[in-house]
1. If the requirement is being assigned to a loop (DSSP other than H, G, I, E, B), buried (at least 20 other Cβ atoms within 10 Å of the Cβ) and under 24 Å from the mean Cα position of the chain (by Cα), which of these qualifies: 357, 327?
2. If I go through segment 205-227 residue by residue, how many of them are farther than 24 Å from residue 411 by Cα and within 10 Å of ligand 1 (Cβ to nearest atom)?
3. Starting from residues that are within 16 Å of ligand 2 (Cβ to nearest atom), farther than 19 Å from residue 314 by Cβ and assigned to a loop (DSSP other than H, G, I, E, B), keep the ones in segment 240-280 and report whichever is modelled with the highest pLDDT.
4. Checking residue 324 against (1) out of contact with any strand residue (DSSP E or B) (no Cβ under 7 Å at 6 or more places or on another chain); (2) in contact (Cβ under 8 Å) with a residue 40 or more places away in the chain; (3) within 16 Å of ligand 2 (Cβ to nearest atom), which single condition isn't satisfied?
5. Residues that are free of Cβ contacts under 8 Å to residues at least 60 places away in the same chain, at least 1 per element: which strands (runs of 3 or more DSSP E) completely within segment 1-103 meet that?
6. Restricting segment 141-173 to residues that are surrounded by fewer than 16 Cβ atoms within 10 Å (Cβ to Cβ) and without any contact (Cβ under 8 Å) to a residue 24 or more places away in the chain, which is farthest from ligand 2 (Cβ to nearest atom)?
7. Looking at segment 282-294, which of its residues are part of a strand (DSSP E or B) and over 17 Å from residue 12 (Cα atoms)?
8. Taking residue 176 as meeting all but one of (1) under 22 Å from residue 238 (Cα atoms); (2) more than 16 Å from ligand 2 (Cβ to nearest atom), write down the number of the exception.
Ligand code: AMP
Ligand code: MG
């Protein structure tokens, strides 16, 4: 059986990121947040666009004011008032200053700004009461970014800071990767949709809903194929459709060794190469990962049917794969933090064990609180309001309260 880290490496290796022209689309900047930039962005503007003032004060020639002090102020004639958005008209001559405001363009001839707190004004004269540093409070053109250099690289996620940069650079439209398409279906004769009255023995297909939400949250587009009966023809039809119409396929149920578990045979008949059959993870051991080297680029994940197993294997294996597939060049790995455990955590030590609960930040230190109630993989009720999974490595049977534990952040 593969270890979790071996399985993770195999999966990430199988994921071909979106890269080609056909995987790109143009979007308006207002619709670009959370998308992945597909081509590098370069601006023809310098930042700042021109020399400007960092303070409200007076633009001066340093030469004129370098010996100023309270007792012997330099007196300058004010020749212009320069507000933000205004183009200065004058060139400062010796003995002259311009009233200037934050962000306003420096007038020709001036090289320094004296903040207004270090001045006294009398009509059209200003008294400079202290010597500034040369070039003080001037933001120079191109000091932050030079036109023509790369502003943003391809393969990054556009979060609000990048949106701000793109707006400032006047990129009203940009090229992003299309969202990966993820087909989802549930297999099981016992499954029904949430709107149907339950007959004895039936179970609601919660996995479809949970996985659709997770896929959307990860920036991909779910393609919901519904519930498929545990019979070979129906499953074959669903899988053939899914691999032809999606980049990634998620099925739940039918991958364990039960009598009705046909999925592996069907995958084989569709030309699949099966890379993973089971992983030493709890919950979630029976997980199938396959691709179709000769037919499609789709990657197939057969996740366990147990609701918690389906979600844990999604967080641990599928979410990083979707992030890589979406064109991100880095940062698709799951995020683990160190926390002190509030509770005793137990495992049988045979598989890497994930226990769900809540991460709290207490005086700047993470503390993990295990969810109360059963940690059976069939119990999804106590998953509600959790935001993290504590990890017990293989061989570790217990972690005592107050002892450090690795925790996977899921929200
Ligand atoms: P299986 O992997 O098909 O053997 O299913 C394992 C357990 O998970 C069984 O108790 C199923 O009833 C339950 N299960 C399977 N699929 C789903 C689903 N889509 N939603 C909720 N529970 C499921
Ligand atoms: Mg089943």
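1. It is 327.
2. Residues that pass the stated criteria total 1.
3. 262
4. Condition not satisfied by residue 324: (3).
5. Passing ranges, in order: 57-60, 74-82, 96-100.
6. 164
7. Taking segment 282-294 as the starting set, the residues that turn out to be part of a strand (DSSP E or B) are 282, 288-291.
Listed by number, the list holds a single entry, 282.
8. Of the numbered conditions (1) under 22 Å from residue 238 (Cα atoms); (2) more than 16 Å from ligand 2 (Cβ to nearest atom), the odd one out for residue 176 is (1).
The values are calculated or read from the model by the stated rules, or taken from the named source; none is laboratory data. Given the structure is predicted, the values throughout are model-derived calculations rather than measurements. Every residue, glycine among them, receives a Cβ derived from its backbone with ideal geometry; neighbour counts consider all protein chains shown.
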